[in-house]
Amino acid sequence: MHFELIYDKSLAHASYFIGCQKVGVAAIIDPKRDVDVYIEMAKKNNMKITHVLETHIHADFLAGSREISKLTGAKMYVSDEGGEGWEYEITGFPLVKLKHKDEFMVGNLKFEVIHTPGHTPESISFLLTDTPASPEPVMYFTGDFVFVGDIGRPDLLEKAAGIMGTADAGAIQMYDSIKSFNELPNHIQVWPAHGAGSACGKALGSVPSSTVGYEKLRNWAFQYGDDKQGFIDYLLLDQPEPPKYFAMMKSLNKIDRRVITEVPKLKSLSSSEFNESFSKGVKLFDAREKQDFAKGFIPGSINAPASDNFFATKISLYVNYNEDIMLLADESQLDELTRKLMRIGLDNVKGFISSTDAYDGELEKVNFVSMEEMESLKNQGTLVVDLRGVSEYKEGHVEGAKNVYFGTIEDNLDQIPKDKKVIVHCQSGHRASIAYSVLVKNGYTNILNFSGGMNEWLKKDKPVVLGK
């Protein structure tokens, strides 16, 4: 058996290449959309990709199963569980729909389908047996069911996709699915679809894999025994804010959509092309680091640093899927940034400029305040806005600070006055830089940025308030 993990830090997403060397065939599990890495692996190992497997209808990335199928002719193996409303509606591709306990072979490798609802109703996992080596399964590909140290959240459908009433039902299903996991032999390796940083759970581990036995001992989800309500209550408690694009991903992964088999090359925009588009409202995302952005930025642009692993996720907070966008980025960054965008379906990139010199108007600079200045202004009644997530805010915040999550700031402008000074901060300054730029884009001229954030506040042993 040939096995490779492909890990995408930009979405904390794991996919897998599994090949039978004797027969020369391979399967890909939960592939990302820029699929050239899998095609190259197959060529390198003299294998043909014949199977593409999906554990569920993903909400956090655009699965590349269709791209692989179009390039290789591979069949797509997808869930037929979950009931009405949870069926794949893809046409024009060879689909094999899977039920609980179905089995299929990839060369000499046997895959058994296990229905593991909870994260979503249709979620399935795959037990792998390397039949020439042993009659017992050795690997378990769990998708968003069991992670290292955590399990998949059941509230995404309700919070991100607006499907009300699914959180409690999903939590009950997850409790039952966990019971079935508990019955597996301890030696089986666990390979999930996500790691630390993913919004698909609240405490994912940073190592890529685990074992059934280790998760039984250390994963919080297996410590509740028969306390079903305690399990449900904790599972639903303090889950992080889901990115807005999750609803779109859930739809696009289910229905027919655009298929892109190569990474697009972005157009270099002339100064006149850029200024004309910008004046018409095409959004510009500035991929420079926050300190470079602060020294001089195009007013109306939004800071989205290229070094941020979740670059595309941040951009998705401020766009819809029907509008064009532009990038300000160094040409050497474009391939990577384009890949990150296409992984969540942001295909409408009109082009890029490589510096602020393309802009016809005057640049602006970020107005910073020190911690001492913030304390003084706060004591004088200046509003402090904490841009972190709710759970972060509850763990400790500056007294009197208003919590407005940076990803929803445009939906909450009524909470931020335009006629008074306002200080924004987050944990380390990245989200504050983004929010600052968004507020300037929305006509604010009174914003101050405490870039040191909670990191600096805590380092100086300043007092914090717990809870709301």
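Taken together, the values in this text are just the output of simple stated rules run on the coordinates, not laboratory data. Small disclaimer: the values here were computed from a predicted structure and weren't measured. So basically every Cβ, Gly included, is an ideal-geometry build from the backbone, and we count neighbours across all protein chains shown.
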Item to check | From phi via Karplus (6.51, -1.76, 1.60), per-residue ³J(HN,Hα) for segment 126-131 in Hz, x at Gly/Pro | outcome: 10, 8, 10, 10, 8, 4
Checklist entry - What is the extension gain from W220 to D347, computed as 0.36 nm multiplied by their sequence separation minus the C-alpha to C-alpha distance, in nm to one decimal? => result 41.8 nm
Checklist outcome for this item: Of all trypsin sites (Lys or Arg not before Pro) in segment 386-434, the ones in DSSP coil with at most 13 other Cβ atoms within 10 Å are K418, K420
Checklist entry - For G143, which sequence-distant residues (separation of 5 or more, or a different chain) have an amide H within less than 5 Å of its own amide H, given hydrogens modelled in the peptide plane? => result A193
Checklist entry - Tell me, how many Å apart are the Cα centres for segment 329-359 and for segment 234-285? => result 11
Checklist outcome for this item: Sparse-neighbourhood loop hits (GluC sites (Glu not before Pro), segment 131-216; DSSP loop; Cβ within 10 Å at most 15 others) -> E183
Checklist entry - Out of residues 5 or more away from V96 or on other chains, whose amide H comes under 5 Å of its own, with H placed 1.01 Å from N in the peptide plane? => result M76, Y77, V78
Next on the checklist: If you take every residue apart from L11 with its C-beta less than 10 Å away from the C-beta of L11, what net charge results, scoring Lys and Arg +1 and Asp and Glu -1?
Outcome noted: +2
Checklist entry - Here are some pairs, K216/K462; K44/K202; K22/K216; K110/K254; which of them have Cα atoms lying more than 29 Å apart in this structure? => result K216/K462; K44/K202; K22/K216
Checklist entry - What is the dipole size for the chain, taken about its Cα centre, with +1 at each Lys and Arg Cβ and -1 at each Asp and Glu Cβ, in debye to the nearest 20? => result 380
Next on the checklist: Looking only at segment 2-252, where both bridge partners belong to it, what percent of the DSSP beta bridges are antiparallel (to the nearest 5)?
Outcome noted: 65
Checklist entry - Roughly how many debye, to the nearest 20, is the charge dipole of segment 365-425 about its Cα centre, given +1 on each Lys and Arg Cβ, -1 on each Asp and Glu Cβ, and no other charges? => result 160
Item to check | the chain - share of DSSP beta bridges that are antiparallel (%, nearest 5) | outcome: 45
Item to check | From phi via Karplus (6.51, -1.76, 1.60), per-residue ³J(HN,Hα) for segment 416-426 in Hz, x at Gly/Pro | outcome: 10, x, 9, 9, 9, 5, 9, 9, 10, 7, 9
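Out of the GluC sites (Glu not before Pro) in segment 37-123, which ones are loop residues according to DSSP with at most 14 other C-beta atoms within 10 Å?
In loop regions of segment 37-123 (DSSP not H, G, I, E or B), the sparsely surrounded GluC sites (Glu not before Pro) are E84, E89.
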Item to check | Per-selection metrics, segment 206-246 (Cα): Rg and Dmax in Å | outcome: 13.4, 36
Checklist entry - When the Karplus curve 6.51 cos²θ - 1.76 cosθ + 1.60 is applied with θ = phi - 60°, which whole-Hz ³J(HN,Hα) does each residue of segment 143-154 get, with x for Gly and Pro? => result x, 9, 7, 10, 9, 6, x, 7, 9, x, 7, x
Checklist entry - Any idea what Rg and Dmax come out to for segment 271-358 if you just take the C-alpha atoms, in Å? => result 11.9, 32
Checklist entry - Dipole of segment 2-252, Cα-centred, from +1 at each Lys and Arg C-beta and -1 at each Asp and Glu C-beta, to the nearest 20 debye? => result 780
Next on the checklist: Along the charge dipole of the chain, pointing to its positive end and built from +1/-1 on Cβ of Lys, Arg, Asp and Glu, which listed residue (L157, Y393, L266) has its Cα farthest out?
Outcome noted: L266
Checklist entry - Between T445 and Q21, what is the label-to-label distance in nm when each label sits 7 Å out along the Cα-to-Cβ direction? => result 7.0
Checklist outcome for this item: Per its Cα gyration tensor (rounded if a/c is under 1.5, else prolate when a/b beats b/c, else oblate), the chain is best filed as oblate
Item to check | Computed E for D419/E362 - FRET, C-beta separation, R0 22 angstrom, nearest 0.05 | outcome: 0.40
Item to check | For Y16, distant residues with modelled amide H under 5 Å away | outcome: I6, I29
